[in-house]
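Read the figures in this text as sums done on the coordinates, not as results from a lab. A quick note: this is a predicted structure, and the numbers were derived from the prediction, not measured. FYI the Cβ positions are ideal-geometry reconstructions off the backbone, even for glycines, and counts take in every protein chain you see.
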Amino acid sequence: MERVTGLGGPFIKANDPKTMAAWYQKHLGIPFTGTYTVFQFANEDGSKKPGYNVFSFFKKDSDYFAPSTSPVMINLIVKDLFALLEVLKQEGVEVVGEPMDEEYGKFGWILDPEGNKIELWQPPE
C-alpha cells in the first residue's frame, strides 16, 4: 500500500498569524492570502501540474492541533486516506478525530509517538 506521497505543508501556531504572514511576505517574498499561502506544483519546464503545498499560520490558542500541545503540525499528502487510516489503526497508531471529506480533499489525523499531530490529506481529484 502506498502511504505518504508528499508534503502538504507546515502549519504553525503564532501569537498573531496575520502579522507573521505579513512578515514572511515582506521579508521572504512569500505571497500570503490572509494567514496562508499555496505553492502550486510545477513541472521542470515551469508548467503547472496537479497539486500544491500549503503554508499556514494558526492562532496560538487554536484547538485545531488538539490533542497535541505542539505549536507545529505537518500536513502529509496521501493517496487513499481511508484505507491508510485503517492500516495505521491496525498497526497501533493513534488516530484522532473523525476523518472529513471536504471541498479541499479528505482529511484524517494521527499522533506520532511524541504527541505531535499529523494531518493526512488526500487532495481532490
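Roughly what % antiparallel, to the nearest 5, for the DSSP beta bridges in region 4-122? Don't skip to the end; give the middle numbers.
Details: 26 of 34 bridges.
Counting DSSP beta bridges with both partners in region 4-122, the antiparallel share is about 75 percent.
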Along the Cα→Cβ direction, 7 angstrom out, place labels at residue 69 and residue 48. What is the inter-label distance in nm? 4.3
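Using helices alone, I'd like the mean residue ellipticity at 222 nm for the chain: each DSSP H run of four-plus residues gives -39500 (n - 2.57), total over residue count, nearest 500. Present the calculation step by step, with values, prior to reporting the outcome.
Values: 2 runs with 22 residues, N = 125.
Theoretical 222 nm ellipticity from helices: -5500 deg cm²/dmol.
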Along the Cα→Cβ direction, 7 angstrom out, place labels at residue 125 and residue 30. What is the inter-label distance in nm? 3.3
Nonlocal Lys pairs with alpha-carbon distance under 16 Å, region 8-103 (8 or more apart, or different chains): 5
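Mind pulling up the Rg/Rh value for region 4-122? Radius of gyration and Kirkwood radius, both on Cα.
Values: Rg = 15.3 Å, Rh = 15.4 Å.
My calculation puts Rg/Rh at 1.00.
If you place +1 on the Cβ of every Lys and Arg and -1 on the Cβ of every Asp and Glu, how big does the dipole about the Cα centre of region 4-122 come out, in debye to the nearest 20?
That gives region 4-122 a dipole magnitude of about 520 debye.
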Taking 65-73, 51-59, 98-106 and ranking on average Cβ neighbours within 10 Å, highest first, one gets 51-59, 65-73, 98-106
